[in-house]
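K.L.:
Have a look at the structure that comes next, please.
Nothing in this text is a laboratory measurement; each read-out follows from the coordinates by a stated rule. Source: prediction; values computed, not measured. Neighbour counts are summed over all protein chains in view; Cβ atoms, including those assigned to glycine, are modelled from backbone coordinates with ideal geometry.
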Amino acid sequence: MPPAARTELDPSPTCRACGRALPPGSAVCPACGAAHGDSNRCPHCRAIADVEAHAALGFRCLVCGGPRVALDVAGVTPGPSTLAALHEAGKRQAEHVMYSAAGLVLTGMGALALLIATLVVLAASPGLVPTIAAYFGALVPTAAGLAALGRAARARKLRGQSLLAAEVRALGDVQAVTGELDAQRVSEIMRLTPERAELLLAEASVATLLDQGPAPRLRVPGPTDPGDAEVPGRSMDEPAEARRRDARGDTEI
């Protein structure tokens, strides 16, 4: 049975950590910082926890460190598209860390190998073939490291796109519950700068227009298609392609 709606006689919600009253509509206690509600449930570890600012991710979970979106508003549950974007951002973040570490290690090994090969060539003065083989062997880890760093850069770009999509979709989830918001209110709820809030509002407006736009229509040739018009002297029992060719004026050679 669903819970009864809150009335004016109901007590205001209190913090589960310190017991103090929560401000109306807030999902984070201003006294102790404890998070409440599904708006603060991490999509990665499923813990109800607050977020902290992060230079690369914007915000990350205080428990598992996964990418998050700050939502300081009660009664809002992130939708499936928002959670999917956050999961994608977490996947790209893991790829970025993995490829960055591998790229730095391999590039360092390649640089060291090139240094050693140079010292050996200068000291021993081997022939042309051993010199080429030594430098080729040193260049292999260097090339692998540069390739890994390229993959890391691509993962970083995709991570940024996923984080932006998560913020826009989270803003849509909030507006679906609270109604239209201005930049000041968005900056307070999502802990963003007013400039970033304006950008998200613009992105959300564009996404809404695209979702509400008419679906593209495809032209399906009907019975009155001019390509199938009857040509004088041509039997309708002949293949349609031959009739279309005659209608275009094509001739056989």
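K.L.:
Given labels modelled 7 Å from the Cα in the Cβ direction, how far is it in nm from H87 to R46?
P.N.:
1.3
K.L.:
Averaging the inverse of every distinct alpha carbon separation and then flipping it gives the Kirkwood radius. What is it for the stretch 80-209, in angstrom units?
P.N.:
Across the stretch 80-209, the inverse of the average 1/r is 18.1 Å.
K.L.:
P(r) tail for the stretch 142-216, what percent of Cα pairs lie past 20 Å?
P.N.:
Details: 1258 of 2775 pairs.
It works out to 45 percent of all Cα pairs.
K.L.:
Between A53 and R154, what is the spin-label point distance in nm, taking each point 7 Å from the Cα along the Cα→C-beta axis?
P.N.:
Once both label points are built, they end up 3.4 nm from each other.
K.L.:
Using a 7 Å offset from the Cα along the Cα-to-Cβ direction at both C32 and M98, what is the distance between the two label points in nm, to one decimal?
P.N.:
3.9
K.L.:
Right, another one. What residues from the stretch 34-62 fall in the zone where the backbone N is under 14 Å from a label point 7 Å along the Cα-to-C-beta line of T14?
P.N.:
Answer for this model: none.
K.L.:
Separate question: Consider just the alpha-carbon atoms of the stretch 1-139 and return their Rg together with their Dmax, both in angstrom.
P.N.:
Reported Rg and Dmax, both Å: 27.2, 94.
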